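Please treat every number below as a calculation from the coordinates, not as lab data. The structure displayed is predicted, hence computed values, not measured ones. Positions of Cβ are generated from backbone atoms using ideal geometry, with glycine treated the same way; all protein chains shown enter the neighbour counts.
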Amino acid sequence: MRITMVGTGYVGLVTGTCFADLGNEVTCVDIDQAKIEQLEQGKIPIYEPGLAEMVQRNVDAGRLRFTTSLSEAAVQSEMIFLAVGTPSGEDGSADLSALWQVTEGLVDCLPASAVVVVKSTVPVGTNAAIYRKLRERTGRECFVASNPEFLKEGAAINDFMYPDRVVVGVRESETELKLRHLYAPLLRTDKPFLAMSPESAEMTKYVANALLSTKISFINEMANLCQRVGGDIDDVRRGIGHDRRIGFAFLFPGAGYGGSCFPKDVRALGKTAREHGIEPLILDAVDQVNNRQKSVLANAVLERLGPSLQEKRIAVWGLSFKPQTDDIREAPSLVLIDRLLEAGAVVQVHDPAALENVRALYGDRLVYAHLPLDVLEDADALVIVTEWTEFRHPDFRLMKERMRQPLIFDGRNLYDLEVMREQGFEYHSIGRPIVLGRKECNETARK
Ligand SMILES: NC(=O)c1ccc[n+]([C@@H]2O[C@H](COP(=O)([O-])OP(=O)(O)OC[C@H]3O[C@@H](n4cnc5c(N)ncnc54)[C@H](O)[C@@H]3O)[C@@H](O)[C@H]2O)c1
């Protein structure tokens, strides 16, 4: 099948490349000339495990191309996927300007039988609005479908190639058949292909993200309470997770969720609810709890070492909003860094993939290190924000040698409390008792 993928970001580049890998002929379009030039030179503008090899393989096989010309790509296509960004607007609603720009661009080059498939996450009613606009502007019948994407950055290829389900929102059975045919190779193990109205498909994506965000904010609030009442959220998490009605997924406490989806989608769904006369009590609370949670690490550091952090060096491990990605959109690390800088600290940061994105934001206001141990040099404390696997089994002895004092604030509960006690660290985590290390550490810990 000949496919155009408009928008070569985290979703467009991955899904376009995967479609090519399944034997389709795919042209990826982006408005960003520099990005397209990079891709044409074989460079991948984002970090996503396995993607570089897959892009190269499909470019070499002649199935994957890149261009900035929407019309050149679209005129030859049977399916035109829209995967442009839909970031938060100032009032929390989804900013659909990129989507409308592409829709306008399609008016003069949309082949008569081509299906426009909206993969971007869009508020309910957007598919219908795109359909109306294309029909009016082309003066003929058009085919527009919704196909929300559920992949996760960091595991995007695997998620796309082995989906739990494929959801499509369609108006006509012929479009459903075309999409069913396109996705058939991914559904050979009887994973469901769920066809519904475009409105239900649009809602499905938001409801999924809102529920996952709700679970995270819920467990974070419970973790904060555990800390106050002397409980251990890790025990509580196990205690509830074994209940099959509850389970373990998305119930790990942490420093708040970030990224390009959960925060903006929760806000956009809340906006939709308001527009339809429903006060989104749960969604508002989920967003508020998350904003508060993004400050817990900074609060703990300031309480322990502040209020002024002049003369203090704070090391930070993990900057991306989650492991296995370089994406820092709405990342909790940014809230922490801002607070530490504000209090006068020297902030030394390390991340396996996101260092350059953070450098683009902060320039020489931070100290950057490519190795985790290097940021610990003379550090008064280490703060762990993102749970990259390489932070799970560090050499605690070497860490202590580099640091001014053995003090860790862990926003992802990576370490066993008993191990930290044995290693002599003062160790603050989320929703668990504070470990004061061995005796010699206790004096410093109590200030
Ligand atoms: N990132 C995720 O994990 C994820 C997962 C599921 C769904 N989504 C949704 O998918 C959509 C895309 O997300 P993303 O993270 O890939 O965004 P992104 O910001 O990484 O990429 C968007 C791309 O669209 C391009 N673009 C903007 N305007 C354009 C135009 N007029 N013509 C051509 N290209 C244009 C941008 O240059 C950019 O490369 C969003 O709606 C998002 O909510 C994202």
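With θ taken as phi - 60° and the Karplus curve 6.51 cos²θ - 1.76 cosθ + 1.60 applied, the whole-hertz 3J(HN,Hα) list for the stretch 28-43 is 9, 10, 8, 6, 7, 4, 4, 5, 5, 4, 4, 5, 5, 8, x, 9 Hz, x standing for glycine and proline.
Rounded to the nearest 10 degrees, the inclination of helix 296-305 to the longest alpha-carbon principal axis of the chain is 20 degrees. Ordered by the number of other Cβ atoms lying within 10 Å of each residue's own Cβ, fewest first, SER260, SER120, SER146, SER97 fall into the sequence SER97, SER260, SER120, SER146. Placing pseudo-labels 7 Å out from each Cα toward the beta carbon at GLU279 and LYS400 gives an inter-label distance of 5.4 nm. Summing +1 for each Lys or Arg and -1 for each Asp or Glu among the other residues whose beta-carbon sits under 11 angstrom from that of VAL84 gives -2. Counting only the Cα atoms, the chain fills a convex hull of 156 Å³ per residue.
Taking amide H as placed 1.01 Å from N in the peptide plane, the amide H of VAL367 sits under 5 Å from that of VAL347, GLN348, VAL349, each at least 5 places away or on another chain. Relative to one another, the C-alpha centroids of the stretch 330-381 and the stretch 74-115 are positioned 37 Å apart. Label-to-label distance, ASP374 versus MET1, with points set 7 angstrom from Cα along the beta-carbon direction: 4.6 nm. Applying the criteria of a DSSP loop state and at most 11 other Cβ atoms within 10 Å to the trypsin sites (Lys or Arg not before Pro) of the stretch 145-197 yields ARG165, ARG188. Counting only alpha carbon atoms, the long axis of helix 97-106 and the longest principal axis of the chain meet at about 20°. Stokes-Einstein diffusion for the stretch 335-447, with the hydrodynamic radius set to the Kirkwood value over Cα pairs and evaluated at 10 °C in a medium of 1.306 mPa s, equals 108 µm²/s.
From least to most packed, judged by other beta carbons within 10 angstrom and beginning with the fewest, VAL207, VAL385, VAL11, VAL167 follow the order VAL207, VAL167, VAL11, VAL385. Summarise the long-distance tail of P(r) for the stretch 2-196 by giving the % of C-alpha pairs beyond 32 Å. More than 32 Å apart: 9 percent of the Cα pairs in the stretch 2-196.
Across the stretch 332-338, rounded Karplus estimates of 3J(HN,Hα) from the backbone phi angles (6.51 cos²θ - 1.76 cosθ + 1.60, θ = phi - 60°) give x, 4, 5, 5, 4, 4, 4 Hz, Gly and Pro being marked x. Between the amide H of VAL144 and those of VAL116, distances stay under 5 Å, these residues lying 5 or more places away or on another chain, with hydrogens modeled in the peptide plane. A full extension of the chain between TYR162 and HIS393 corresponds to an added length of 80.2 nm, given 0.36 nm per residue minus the alpha carbon distance.
Out of all Cα-Cα pairs in the stretch 224-320, roughly what percent, to the nearest whole number, are more than 24 Å apart? Considering the stretch 224-320, 44 percent of its Cα-Cα pairs are separated by more than 24 Å. Once both labels are positioned 7 Å from their Cα atoms along Cα-to-Cβ, the gap between LEU417 and ILE246 label points is 1.8 nm. Using θ = phi - 60° in the Karplus curve 6.51 cos²θ - 1.76 cosθ + 1.60, the 3J(HN,Hα) couplings for the stretch 248-260 round to 9, 5, 6, 10, 9, x, x, 9, x, 8, x, x, 8 Hz; x is entered for Gly and Pro.
Averaging the sequence gap over all C-alpha pairs within less than 8 Å and six or more residues apart, then dividing by the number of residues, gives the stretch 206-293 a relative contact order of 39 percent. The charge dipole of the chain, taken about the Cα centre with unit charges on the Cβ atoms of Lys, Arg (+1) and Asp, Glu (-1), comes to about 760 debye, rounded to the nearest 20. Within a straight-line Cα-Cα reach of under 13 Å, LYS215 can be paired with the following aspartates and glutamates, leaving aside sequence neighbours fewer than 8 residues apart in one chain: ASP287. Amide H to amide H, with H built 1.01 Å from N, VAL167 comes under 5 Å of LEU194, counting only residues 5 or more places away or on other chains.
Ordering LEU417, LEU134 from the fewest to the most neighbouring beta carbons within 10 Å gives LEU417, LEU134.
Between the listed residues THR121, LEU371, LEU110, the Cα displaced farthest toward the positive end of the dipole of the chain, a dipole computed from Cβ unit charges relative to the Cα centre, is found at THR121. When you count the other C-beta atoms within 10 angstrom of each residue and take the mean per peptide, 272-284, 49-61 line up highest first as 49-61, 272-284. Angle of helix 126-138 to the longest C-alpha principal axis of the chain, folded into 0 to 90 degrees and rounded to 10: 30°.
Based on Cα contacts under 8 Å between residues 6+ apart, the chain shows a relative contact order of 11 percent.
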